[in-house]
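Only one structure is covered here, and it is reproduced in the block below.
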Amino acid sequence: MSTARPSVLLCTLNATWQHAAFGLRYLMANLPEDLQGQTALAEFTINMRTLDVVERVLESGARVVGFGVYIWNVAETERVVAALRRVCPELRILLGGPEVSYECDQQEIVRLADVVITGEADVSLAGVLRGLLAGDRPAMKLVPGRLPQPAELRLPYYLYTEEDLAKRVIYVEASRGCPYTCEFCLSSLDIPVRAFSLESLLPAFGDLLERGARQFKFVDRTFNLNIRMSRAIMDFFLKRWVPGLFLHFEMIPDRLPADLRELIRKFPPGALQFEVGVQTFDPVVAVNISRRNDLEKLEENLRFLRTQTGVHVHADLIAGLPGETLESFARGFDRLVAMGPQEIQVGILKRLRGTPIVRHDATHAMRYAAHPPYEVLETGTMTFAELNAMRRFAKVWDLVGNSGNFVESTPVLWGEGSAFAAVMELTRLVHARCGTGEGIALLRLVETVFDFLTASGMPAAEAAATVWRDYTRAGRAERAPGFLALHLTDQEKAMGGARPRSRQERRAAVLSAKE
């Protein structure tokens, strides 16, 4: 936070400190110079004590405080706003963000605020701030944000600090909006897609590189929609590639033409991460949610990425979609596992405010939690018990299948059988041993995987060696735990103490060993 005493404080509660608030920087960058001089940014996290956040807001001396409100921070932000309203009633409170942009007439946090800007606030914020600073009583609480065109926006990347560039996730974008109409997603409401110009983007990205940025996370929902633009951006980074450069893109999974493939092949292993939204393989469910995927082309593209490139593939599936059953989800999961993405994120459907997924509430008996993140509790085709089991499944899969801690052990869990069935059985064992607590000690998980493998018929010596290689690959231990040491050779026991590696490096090490 700036040491000057600002008139305006723009802040948000991030999920973790590592994630820099992209929206705040856009708001600041697009304020007129006189307002910028009166405004400071402050970033907190959802894990901070409410009163500590309140104290820091009040210490700023600001007369107007604005909060960015999202599904992951609305509960914590509401507590902060409620406390501010009690201890400093003269403070003007401004809200914005997707969680207060739709269906907000019944929200307590909206009731507590003075003004709420709905939608994108980049070009609408200045007028609202001038009124609040002048002491004017807002004519209306809900102010629709004017949808800006990219050409009228000032890019915010100069506001990333040296510490941001060195230690935090840096968010960038080449476009806003999405041409698709998936009913569970807010981006489906933002049509048409608005692209920034390469003439403005590439110099800004070059400046970030020169200042030391090495990790770029593009937030575009469909980065490869405009192939000419995506090629130009990827070629820009390829020509400037340096060790440690990492680029994350969210890609349309069935759209990888030959010219883009050739460019992707040229990147070194680990330089690219693609997030691909599969969501469902069931054609009836896909129609229910208005999702269009060419599944054959999707499968062809994923196999290309896994066999002919060094791209780290992160694929998404959603449990609880209208019409999906446990059995159809299991088939989809097994089909996706067979395509070999390094990570599969199993998500539970959330009813985001404003999305048209609500049209299925009656016909598919959709029941959602009343509080954020509004996860589905049961549907006409999946019971509460089944969806709760899927929540545990998603957690165990993340710890075992996605973490990179069990790269060799994971495929052995199911062998030639169903990956879903094996991981669900492992989930039951983890749940029985570790309960429902959030934290599961890694060594306890290692022991559970070892026991699962041996109970499935794998010789103890082979299971121990496999699990131990996984454990030591991260450089975590110098001595094997007793339950493994009983079955390891002296040479295997001496493997501990390697250099710590990231999850991507652990996967690459396994591939190198197999080659």
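The values are calculated or read from the model by the stated rules, or taken from the named source; none is laboratory data. Fair warning: this is a prediction, and the values are worked out from it, not measured in the lab. When we count neighbours, we look across all protein chains shown, and the Cβ atoms used for this are built from the backbone with ideal geometry, even at glycine. Protein only, heavy atoms only, side chains kept; ligands, DNA and RNA dropped before computing areas. Shrake-Rupley method; radii C 1.70, N 1.55, O 1.52, S 1.80 Å.
At-a-glance table
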item: Residue satisfying condition, being free of Cβ contacts under 8 Å to residues at least 60 places away in the same chain, under 16 Å from residue 9 (Cβ atoms) and not basic (Lys, Arg), within set 116, 57; result: 57
item: Selected residue (criterion: farthest from residue 145 (Cα to Cα)) from residues of segment 77-89 that are touching a residue at least 24 places away in the same chain (Cβ under 8 Å) and open to solvent by 40 Å² or more (accessible area, probe 1.4 Å); result: 87
item: Residues being of a type in the set (D, E, K, R), more than 19 Å from residue 177 (Cα to Cα) and assigned to a loop (DSSP other than H, G, I, E, B) - total across segment 217-244; result: 1
item: Selection count, segment 456-485, where residues are part of a helix (DSSP H, G or I), touching a Leu at 6+ places or on another chain (Cβ under 7 Å) and surrounded by fewer than 21 Cβ atoms within 10 Å (Cβ to Cβ); result: 1
item: Unmet criterion (only one of (1) at pLDDT 95 or above; (2) open to solvent by 60 Å² or more (accessible area, probe 1.4 Å)) for residue 426; result: (2)
item: Checklist (1) open to solvent by 60 Å² or more (accessible area, probe 1.4 Å); (2) in contact with a Leu (Cβ under 8 Å, 6 or more places away or on another chain); (3) among the polar types (S, T, N, Q) applied to residue 73, failing item; result: (1)
item: Test: residue in segment 281-299 that is assigned to a loop (DSSP other than H, G, I, E, B) and among the aromatic types (Phe, Trp, Tyr); result: yes
item: Boolean, residue 103 is assigned to a loop (DSSP other than H, G, I, E, B), out of contact with any helix residue (DSSP H, G or I) (no Cβ under 7 Å at 6 or more places or on another chain) and without any contact (Cβ under 8 Å) to a residue 60 or more places away in the chain; result: no
item: Residue match in segment 191-203 (condition: in contact (Cβ under 8 Å) with a residue 60 or more places away in the chain, hydrophobic (A, V, I, L, M, F, W, C) and over 17 Å from residue 234 (Cβ atoms)); result: no
item: Single unsatisfied condition, residue 370 versus (1) loosely packed, with under 14 Cβ neighbours inside 10 Å; (2) in contact (Cβ under 8 Å) with a residue 40 or more places away in the chain; (3) within 25 Å of the chain's Cα centre (by Cα); result: (2)
item: Test: residue in segment 310-323 that is touching a residue at least 12 places away in the same chain (Cβ under 8 Å) and farther than 25 Å from residue 423 by Cβ; result: yes
item: Selection count where residues are farther than 15 Å from residue 453 by Cβ and open to solvent by 10 Å² or more (accessible area, probe 1.4 Å), scope segment 397-415; result: 4
item: Selected residue (criterion: nearest to residue 298 (Cα to Cα)) from residues of segment 223-269 that are open to solvent by 40 Å² or more (accessible area, probe 1.4 Å) and of a type in the set (Gly, Ala, Ser); result: 258
item: Lone qualifier among 35, 24, 13, 31 - being touching a residue at least 24 places away in the same chain (Cβ under 8 Å), within 20 Å of residue 159 (Cβ to Cβ) and part of a loop (DSSP other than H, G, I, E, B); result: 31
item: Within segment 277-331, tally of residues that are open to solvent by less than 20 Å² (accessible area, probe 1.4 Å), in contact with a Leu (Cβ under 9 Å, 6 or more places away or on another chain), more than 23 Å from residue 249 (Cα to Cα) and not aliphatic (A, V, I, L, M); result: 4
item: Residues within segment 169-184 that are open to solvent by 20 Å² or more (accessible area, probe 1.4 Å) and assigned to a loop (DSSP other than H, G, I, E, B), tallied; result: 4
item: Where residue 393 falls short, out of the listed (1) more than 27 Å from residue 485 (Cβ to Cβ); (2) open to solvent by 10 Å² or more (accessible area, probe 1.4 Å); result: (2)
item: Hey, residue 219 open to solvent by 20 Å² or more (accessible area, probe 1.4 Å), without any contact (Cβ under 8 Å) to a residue 60 or more places away in the chain, of a type in the set (Val, Ile, Thr) and within 22 Å of residue 157 (Cα to Cα) or not; result: no
item: Count of residues meeting criterion [open to solvent by less than 30 Å² (accessible area, probe 1.4 Å) and either more than 22 Å from residue 484 (Cα to Cα) or free of Cβ contacts under 8 Å to residues at least 40 places away in the same chain (or both)] in segment 429-445; result: 1
item: Test: residue in segment 8-31 that is more than 26 Å from the chain's Cα centre (by Cα), open to solvent by 20 Å² or more (accessible area, probe 1.4 Å) and at pLDDT 95 or above; result: no
item: Only one of 93, 46 that is at pLDDT 95 or above, open to solvent by 10 Å² or more (accessible area, probe 1.4 Å), out of contact with any Pro (no Cβ under 9 Å at 6 or more places or on another chain) and under 24 Å from residue 156 (Cβ atoms); result: 46
item: Residue in segment 439-448 that is outside any loop (DSSP other than H, G, I, E, B) and closer than 28 Å to residue 332 by Cβ present; result: yes
item: Filter result for the condition that a residue is in contact with a helix residue (DSSP H, G or I) (Cβ under 8 Å, 6 or more places away or on another chain), among the small types (Gly, Ala, Ser), open to solvent by 10 Å² or more (accessible area, probe 1.4 Å) and under 22 Å from residue 32 (Cα atoms), over 134, 126; result: 126
item: Top-ranked residue of segment 185-216 - restricted to ones that are of a type in the set (A, V, I, L, M) and assigned to a loop (DSSP other than H, G, I, E, B), ranked as least open to solvent (accessible area, probe 1.4 Å); result: 213
